[in-house]
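Taking it in order: structure first as structure tokens, then the write-up.
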Amino acid sequence: MRILACPDSFKGTLSAPEAAEVMRASCESSLLDAECVALPLSDGGEGALECLAATGECQILEEEVTGPDGMRTNARWALTADRRGFIELAEASGLALMDGWLDPMGATSRGTGELLLAALDADCRDITLAIGGSATNDGGMGMLSALGVRFLGASGEPLEGSGADLSRVRSVDADGLDPRIRECRIRVLCDVDNPLLGPEGATRVFGPQKGAEGVALAELEAGMLIYARLCAEALGEDFSAVPGAGAAGGVGFASLAFLGAELTGGIEGILDLVGFDGLLETVDLVVTGEGHADAQTLHGKAIAGVARRCAEAGVPCVAIVGAMDASATALLDAGVTALVPTVIDADGVEGALSRARENLALACDRAFALIALGQHL
């Protein structure tokens with residue numbers, strides 16, 4: 001029997017590689033006559049780069065770039081042997097890089113553009129950009145500025161790109177965009193369908209998570225409206241209402257409008273990158289998991305993506321989760337064969353989190369014992 005252990009992270013406790021190793025070790029110490037292969041996954045947000053690195057199929061490179069706070073920082077990206085690039089926005093422009101200090105007016109996505117330049121310099125013409133976990137609300141202006149798009153203020157001064165710069169823009173000149181972009185296939189991993197503007201847009205929905213409230217929130221929305229109008233005039237087409245344009249503070253919009261990117265679901269993109277469908281052809285059972293399962297898990301989460309592909313391939317799928325509520329049983333109609341929660345006592349959330357590794361190992365032991373029983377019968 002051949003088993004594929006492919007969990008996402010158990011957020012706040014175990015990374016995806018750590019969780020995958022717990023599953024593999026439990027399988028190998030069980031009574032199962034089986035081989036277990038570990039493949040940590042990500043839904044396309046933070047941690048995606050780490051999962052790709054764990055496959056051993058790519059080289060991890062590091063560049064010094066502009067962080068979201070304008071300071072220089074080191075950011076990693078991945079390069080495959082056939083010159084495909086993978087960039088995780090959170091590495092260069094992520095909320096975690098702000099060290100708890102939120103600055104939606106000043107934060108910039110410029111570092112993400114600098115990583116794209118590094119990929120182009122490495123002769124990549126197929127680039128995947130995962131855009132979860134951003135600290136920015138600059139409409140992707142910083143990223144585009146790094147790639148050669150010019151945003152000019154009232155006196156013709158160039159603007160570097162930040163939330164505050166949105167309302168200062170008076171003209172947009174895309175003629176200087178790096179011509180190599182036009183030779184590229186760029187895919188953006190994105191699991192939100194918000195537009196750029198309005199009550200469901202980038203600023204109103206995600207701005208508060210990045211520190212925008214009250215007057216700042218209103219100023220950012222007003223600036224985003226000016227920015228979107230000028231971009232539409234420069235390009236002859238308005239992308240602001242496209243689902244996903246509001247992702248990552250407008251990086252989704254900038255990628256669609258200026259880079260010709262295609263938006264795809266995060267977990268679907270990751271599964272394609274790691275060759276998941278090919279692996280499915282070689283295994284008898286898949287064990288996946290993540291920290292919490294509920295009705296929302298069906299919408300873009302790793303378990304749902306894995307289960308859907310398993311169902312299509314006719315491979316049973318067991319999901320081991322940190323916690324679940326009654327609505328999680330909907331997964332049983334979406335490709336999950338069995339759901340196994342890890343928590344077995346009631347000492348509160350804090351206690352469960354502090355023993356996340358132990359609880360996961362115990363849940364895996366229970367699951368594999370039952371599978372071994374079935375194998376014996």
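Read-outs: derived from the displayed coordinates by stated rules, not from any lab. Model, not experiment: these values are computed from the prediction. Note that we place each Cβ from the backbone using ideal geometry, even for glycine, and neighbour counts take in every protein chain shown.
In nanometres, what is the gap between the two model label sites at LEU61 and GLU233, each 7 Å from Cα along Cα-to-Cβ?
Distance between label points: 3.8 nm.
With charges only on Cβ, +1 for K and R and -1 for D and E, what is the dipole size of the chain about its Cα centre, in debye, rounded to 20? Write down the numbers at each step before the final one.
Details: 25 positive and 56 negative charges, 55 e Å.
Dipole of the chain, to the nearest 20 debye: 260 debye.
For GLN375 and LEU152, calculate 0.36 nm times their separation in residues minus their Cα-Cα distance, and state this gained length in nm to one decimal. Intermediate results must be reported in sequence, preceding the final value.
On the way: separation 223, 0.36 × 223 = 80.28 nm, distance 6.79 nm.
Going from the current span to full extension adds 73.5 nm.
If you take the charge dipole of the chain about its Cα centre, with +1 on Lys and Arg Cβ and -1 on Asp and Glu Cβ, which of SER109, GLY246, THR13 is farthest toward its positive end?
GLY246
Need the full-extension length gain, ALA241 to GLU358, defined as separation in residues times 0.36 nm minus the C-alpha distance. One decimal, nm.
On the way: separation 117, 0.36 × 117 = 42.12 nm, distance 4.62 nm.
Length difference between fully extended and current span is 37.5 nm.
Okay, which of region 126-162 sit inside 16 Å, backbone N to the point 7 Å along the Cα-Cβ direction of GLU262?
Residues 126-130 fall inside that zone.
Quick one: if you stick a label point 7 Å off each Cα along the C-beta vector at GLN209 and ASP99, how many nm between them?
Distance between the two pseudo-spin positions: 2.4 nm.
Okay, helix-only estimate at 222 nm for the chain: each DSSP H run of n ≥ 4 adds -39500 (n - 2.57), divide by all residues, round to 500 deg cm²/dmol; what do you get?
Working: 12 runs with 129 residues, N = 377.
Rounded to the nearest 500, the figure is -10500 deg cm²/dmol.
I need the calculated FRET efficiency for the pair ASP284 and GLU350, taking r as the beta carbon distance and R₀ as 56 Å, to the nearest 0.05. Let's see the in-between values first.
Numbers: r = 38 Å, r/R0 = 0.68.
It comes to 0.90.
Return, ordered by residue number, the residues of region 223-255 whose backbone nitrogen is under 16 Å from a label point located 7 Å along Cα→Cβ of ASP173.
Under 16 Å, as judged by backbone N against the label point of ASP173, lie 231, 234-235 of region 223-255.
How much length would be gained if the chain were fully extended between ALA313 and SER29, taking 0.36 nm per residue of separation minus their Cα-Cα distance, in nm to one decimal? Numbers along the way, then the final one.
Details: separation 284, 0.36 × 284 = 102.24 nm, distance 2.77 nm.
Here the answer is 99.5 nm.
Name the residue farthest towards the positive end of the dipole of the chain from the options ALA48, ALA119, LEU230, assuming +1 on Cβ of Lys and Arg, -1 on Cβ of Asp and Glu, about the Cα centre.
Of the options given, the answer is LEU230.
Distance between the C-alpha centers of region 175-195 and region 57-87? Whole Å please.
Using only Cα atoms to place each centre, the spacing works out to 17 Å.
For the peptides 76-88, 34-46, what is the packing order when you average, over each peptide's residues, the other Cβ atoms within 10 Å and list the highest mean first?
Most protected by this proxy first, the peptides run 34-46, 76-88.
Kyte-Doolittle cut-off -0.5, length cut-off 24 Å along the helix's own axis using Cα: show which whole DSSP H helices in the chain pass. Provide the component values of the computation, followed by the final result.
On the way: long enough: 214-235 (32 Å, 1.17); 356-376 (30 Å, 0.44).
What comes out of the filter, once short or polar helices are dropped, is 214-235, 356-376.
Can you give the FRET efficiency for ALA338 and ASP121, using 1/(1 + (r/R0)^6), R0 = 51 Å, r = Cβ-Cβ distance, to the nearest 0.05?
Working: r = 48 Å, r/R0 = 0.93.
Efficiency for this residue pair is about 0.60.
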